[in-house]
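These notes are about the structure you will find just below.
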């Protein structure tokens, strides 16, 4: 059911999305990697799930809360789905979450994904991601931006927890895990994949986090 629904939705949504030109700064080597893309409201996840060619061999990190009907309402109210200063905000808060809770989990669970937890179960997220990268030879797509308000995300800071995958993957496989930043510009109908970023395994991850974060932000926005 899940795979069939995803294929149906992917084919259908393509008819309504404007054509996006995809450009690679350097040729893609096809090795298991992490793609990090800007959100651009909901267009980033849509474009990556529907039109990004490597999606056929990828999993998307999706927060666990919108995957469950029980936790969707609280997630929607906290995720800036409407302008909280609007006079209609109380109406939106009462109507949108219960309606969305019926459809959103069904749609998201059909997408090839890895549930992302923010509690002790975060270990499960990392283990599953490493399994997908090593055993299934698949890529992982992550949207590391931090929402700051209605339709807004920080352009100065990202969620950095996923960077721990770099030394973990090195320890598990002996190989280097590349991060490919992606900039989606909906207005110009373009998606540009920047040159991959790699960490220096001779140095600790801790001392490289600020540097890696800046490179990722530059790749996603500049």
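The values are calculated or read from the model by the stated rules, or taken from the named source; none is laboratory data. Predicted model, so just to flag it, every value in this text is computed and none were measured. Neighbour counts run over all protein chains shown; Cβ positions are idealised from the backbone, glycine included.
Inspect region 14-22 for any residue being under 17 Å from the mean Cα position of the chain (by Cα) and at pLDDT below 90 and give the result as yes or no.
No: zero hits.
What strands (runs of 3 or more DSSP E), lying completely within region 1-112, carry at least 2 residues that are surrounded by fewer than 18 Cβ atoms within 10 Å (Cβ to Cβ) and on the phi > 0 side of the Ramachandran plot?
Details: elements: 21-24, 34-37, 58-63.
Qualifying strands (runs of 3 or more DSSP E): none found.
Identify the residue in region 188-218 that is touching a helix residue (DSSP H, G or I) at 6+ places or on another chain (Cβ under 7 Å) and in contact (Cβ under 8 Å) with a residue 12 or more places away in the chain and, among all such residues, is nearest to residue 53 (Cα to Cα).
Filtering region 188-218 for residues touching a helix residue (DSSP H, G or I) at 6+ places or on another chain (Cβ under 7 Å) gives 191, 194, 197, 199-201, 205, 209, 212.
Now drop any that are not in contact (Cβ under 8 Å) with a residue 12 or more places away in the chain, which leaves 191, 194, 197, 199, 201, 205, 209, 212.
Details: 191: 12, 194: 15, 197: 20, 199: 25, 201: 30, 205: 30, 209: 29, 212: 25 Å.
Going through the qualifying residues, I end up with 191.
Of the residues 205, 212, the single one that is surrounded by 17 or more Cβ atoms within 10 Å (Cβ to Cβ) and more than 21 Å from the chain's Cα centre (by Cα) is 205. With respect to being free of Cβ contacts under 8 Å to residues at least 24 places away in the same chain and within 16 Å of the chain's Cα centre (by Cα), residue 146 fits the description.
Would you mind finding the one in 221, 162 that is surrounded by fewer than 17 Cβ atoms within 10 Å (Cβ to Cβ), touching a residue at least 60 places away in the same chain (Cβ under 8 Å) and under 18 Å from the mean Cα position of the chain (by Cα)?
Working: 162 fails: surrounded by fewer than 17 Cβ atoms within 10 Å (Cβ to Cβ).
Going through 221, 162 in turn, the sole match is 221.
In summary, residue 132 fulfils each of the numbered conditions (1) in contact with a strand residue (DSSP E or B) (Cβ under 9 Å, 6 or more places away or on another chain); (2) under 24 Å from residue 7 (Cβ atoms); (3) in contact (Cβ under 8 Å) with a residue 60 or more places away in the chain; (4) outside any helix (DSSP H, G or I) with the single exception of condition (4). Within region 179-222, if we keep just the residues that are in contact with a strand residue (DSSP E or B) (Cβ under 7 Å, 6 or more places away or on another chain) and in a loop (DSSP other than H, G, I, E, B), the residue that is nearest to residue 134 (Cα to Cα) turns out to be 196.
For region 141-154, the condition holds for no residue, the condition being that it is surrounded by fewer than 14 Cβ atoms within 10 Å (Cβ to Cβ), modelled with pLDDT of 95 or more and closer than 18 Å to residue 35 by Cα. Residues in region 145-178 that are under 23 Å from residue 132 (Cβ atoms) and assigned to a strand (DSSP E or B): 145, 158.
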